[in-house]
Amino acid sequence: MKDVFSIWFFISPSGVDIATGALDSGADYEYVTYLAGNYPHIPFPSGWKANTRGVDLNLQYPAGWKQAKEIKFAQGFTRPGPRDYVGKSALSEPESRTIYDYTLRHDFYLTMSYHSQGKVIYWRYLDHLPPGSEEIGRIFSKLSGYTLEETPFMSGHAGYKDWFILHYDRPGYTIEVGLGENPLPVSQFDEIYADNKPMLEVALVITA
């Protein structure tokens, strides 16, 4: 039996605490407040989706990382801040390296990376089409009511899903849960759970 690896993003608890306002004092808070000043157009703290070093953890994987850097730098994200800074190199952050190493130690058949929001399932990386990936994606879409879509090119590099597909040639999915403005309210949890539970159950059956 191969495993299914499901990540409920964020993998950075401190990043969650910043975005929700739970972190509101101390040295880390003072530092991220300073970094937020690099991008005054991004609301703080609600617009924060990086770790406490100001690196976006979903732009850290060795699958088109240089392309992601070019895109994000062209968009003005050249320094640490609330989002979209790729870091000094792929896997420069301890959180990203931990997930990378954990994946290499296991034999995962597919991965499901959870983000918010949009009720969308992204299923491929560029022209890489692992066997069964589209078919499984269509099943997930039918079960959840989420739309199955290709990742937009401008945001389709250096993610965990991208690296998993490229490295293993196996199905990988990014699932954008809920609707609204991040961070999503807890009141959406029951609906999100109901939408996603059937997908998780099927994923376990597929990997059995």
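The values are calculated or read from the model by the stated rules, or taken from the named source; none is laboratory data. All figures in this text were calculated on a predicted structure; none of them were measured in a lab. Every residue, glycine among them, receives a Cβ derived from its backbone with ideal geometry; neighbour counts consider all protein chains shown.
Just checking, which of 121, 136, 99, 175 is of a type in the set (A, V, I, L, M), closer than 20 Å to residue 50 by Cβ and touching a strand residue (DSSP E or B) at 6+ places or on another chain (Cβ under 8 Å)?
On inspection, the qualifying residue turns out to be 99.
Among the numbered criteria (1) of a type in the set (A, V, I, L, M); (2) closer than 26 Å to residue 102 by Cα; (3) touching a residue at least 60 places away in the same chain (Cβ under 8 Å), which single criterion is violated by residue 139?
Unmet for residue 139, out of (1) of a type in the set (A, V, I, L, M); (2) closer than 26 Å to residue 102 by Cα; (3) touching a residue at least 60 places away in the same chain (Cβ under 8 Å): (2).
Under the condition of being within 12 Å of the chain's Cα centre (by Cα) and surrounded by 19 or more Cβ atoms within 10 Å (Cβ to Cβ), which residue from the stretch 134-161 is modelled with the lowest pLDDT?
The residue in question is 156.
Only one of (1) over 29 Å from residue 90 (Cα atoms); (2) not in a helix (DSSP H, G or I) fails for residue 130. Which number is that?
Every condition holds for residue 130 apart from (1).
Restricting attention to the stretch 45-104, which residues are of a type in the set (Asp, Glu), at pLDDT 95 or above and in contact with a Ser or Thr (Cβ under 7 Å, 6 or more places away or on another chain)?
Matches in the stretch 45-104: none.
Looking at (1) under 25 Å from residue 17 (Cβ atoms); (2) touching a helix residue (DSSP H, G or I) at 6+ places or on another chain (Cβ under 6 Å), which is the only condition residue 53 fails?
(2)
So which residues in the stretch 39-93 are in a loop (DSSP other than H, G, I, E, B) and of a type in the set (Asp, Glu)?
Passing the criteria: 56, 84, 93.
Applying the selection to the stretch 100-133, what residues are surrounded by 20 or more Cβ atoms within 10 Å (Cβ to Cβ) and β-branched (Val, Ile, Thr)?
Selection gives 111, 121.
Restrict the check to the stretch 14-24 and report whether at least one residue is among the aliphatic types (A, V, I, L, M), within 18 Å of the chain's Cα centre (by Cα), farther than 20 Å from residue 116 by Cα and part of a loop (DSSP other than H, G, I, E, B).
Among the residues of the stretch 14-24, not one is among the aliphatic types (A, V, I, L, M), within 18 Å of the chain's Cα centre (by Cα), farther than 20 Å from residue 116 by Cα and part of a loop (DSSP other than H, G, I, E, B), which makes the answer no.
Being in contact with a Phe, Trp or Tyr (Cβ under 9 Å, 6 or more places away or on another chain), farther than 23 Å from residue 66 by Cβ and hydroxyl-bearing (Ser, Thr, Tyr) is the filter here, so list the residues in the stretch 142-180 that pass it.
146, 173
Quick grid of which residues meet (1) buried (at least 16 other Cβ atoms within 10 Å of the Cβ); (2) outside any helix (DSSP H, G or I):
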site: 163; (1), (2): yes, no
site: 166; (1), (2): yes, no
site: 176; (1), (2): yes, yes
site: 191; (1), (2): no, no
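Which condition from (1) crowded, with 19+ Cβ neighbours inside 10 Å; (2) within 24 Å of residue 152 (Cα to Cα); (3) out of contact with any Leu (no Cβ under 9 Å at 6 or more places or on another chain) is the one that residue 89 breaks?
Exception for residue 89: condition (1).
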